[in-house]
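Written out below as structure tokens is the structure these notes cover.
The values are calculated or read from the model by the stated rules, or taken from the named source; none is laboratory data. Please read all numbers here as calculations on a predicted model, not as lab measurements. Ideal geometry is used to build each Cβ from the backbone, glycine not excepted, and the neighbour counts take in all protein chains shown.
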């Protein structure tokens with residue numbers, strides 16, 4: 001991937017938080033542009049810049065959508081060298097993926113995109129034993145944190 005004009009122009013102006021670099025990285029922003037188109041990303045960047053003046057945050061991701069918000073990768077501070085130069089995107093069929101993993105392993109699976117700001121449930125196995133509210137409660141404090149390992153797997157079990 002080669003960052004284009006808009007990615008090079010806008011990425012340095014994006015915010016970087018403790019939850020991750022977001023689209024501050026030109027490669028990550030170029031992936032966002034490839035996913036939803038330059039007009040939508042430019043509009044989201046302008047709207048975000050304006051709303052930040054009024055203390056409103058997160059507008060960029062609301063406009064570009066959950067697919068872009070779910071991009072992980074290009075983390076220069078990752079403990080894994082490989083994770084510094086690749087990205088992961090959310091699956092297009094998360095429920096089917098969770099059902100497939102459960103069928104093959106016997107382990108009920110839920111797929112979350114969680115960070116220190118928000119926890120988004122992408123899908124869960126049809127026979128997952130917890131309700132959506134119980135899942136959100138178990139992950140509300142992002143128990144895996146935002147450390148150098150990033151994108152962890154979490155085992156949730158009854159005590």
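Yes/no per residue for (1) under 27 Å from residue 37 (Cα atoms); (2) in a loop (DSSP other than H, G, I, E, B); (3) modelled with pLDDT of 85 or more; (4) out of contact with any strand residue (DSSP E or B) (no Cβ under 9 Å at 6 or more places or on another chain):
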{"residue": "90", "(1), (2), (3), (4)": "yes, yes, yes, no"}
{"residue": "102", "(1), (2), (3), (4)": "no, no, yes, yes"}
{"residue": "130", "(1), (2), (3), (4)": "no, yes, yes, no"}
{"residue": "135", "(1), (2), (3), (4)": "no, no, yes, no"}
{"residue": "138", "(1), (2), (3), (4)": "no, no, no, yes"}
{"residue": "144", "(1), (2), (3), (4)": "no, yes, no, no"}
{"residue": "153", "(1), (2), (3), (4)": "no, yes, no, yes"}
>> When the residues of the range 25-49 are narrowed to those that are free of Cβ contacts under 8 Å to residues at least 24 places away in the same chain and within 13 Å of residue 13 (Cβ to Cβ), which ends up farthest from the chain's Cα centre (by Cα)?
In response: 46
> On the given criteria, is residue 67 assigned to a helix (DSSP H, G or I) and not assigned by TED's automatic domain parsing to the domain that holds residue 111?
Replying inline: yes
>> Can you find a residue that is free of Cβ contacts under 8 Å to residues at least 12 places away in the same chain, surrounded by fewer than 17 Cβ atoms within 10 Å (Cβ to Cβ) and in contact with a helix residue (DSSP H, G or I) (Cβ under 7 Å, 6 or more places away or on another chain) anywhere in the range 67-74?
In response: no
> In this structure, does residue 117 turn out to be modelled with pLDDT of 80 or more and either surrounded by 14 or more Cβ atoms within 10 Å (Cβ to Cβ) or over 15 Å from the mean Cα position of the chain (by Cα) (or both)?
Replying inline: no
> Only one of these conditions is not met by residue 82: (1) assigned to a loop (DSSP other than H, G, I, E, B); (2) more than 15 Å from the chain's Cα centre (by Cα); (3) modelled with pLDDT under 95. Which number is it?
Replying inline: (1)
>> Tell me the residue from 75, 61 that is within 19 Å of the chain's Cα centre (by Cα) and part of a helix (DSSP H, G or I), please.
In response: 61
> Is at least one residue of the range 34-48 touching a helix residue (DSSP H, G or I) at 6+ places or on another chain (Cβ under 7 Å), surrounded by fewer than 14 Cβ atoms within 10 Å (Cβ to Cβ) and modelled with pLDDT of 85 or more?
Replying inline: no
>> When you scan the range 11-18, do you find a residue that is touching a helix residue (DSSP H, G or I) at 6+ places or on another chain (Cβ under 7 Å), in a helix (DSSP H, G or I), in contact (Cβ under 8 Å) with a residue 12 or more places away in the chain and under 22 Å from residue 119 (Cβ atoms), even just one?
In response: no
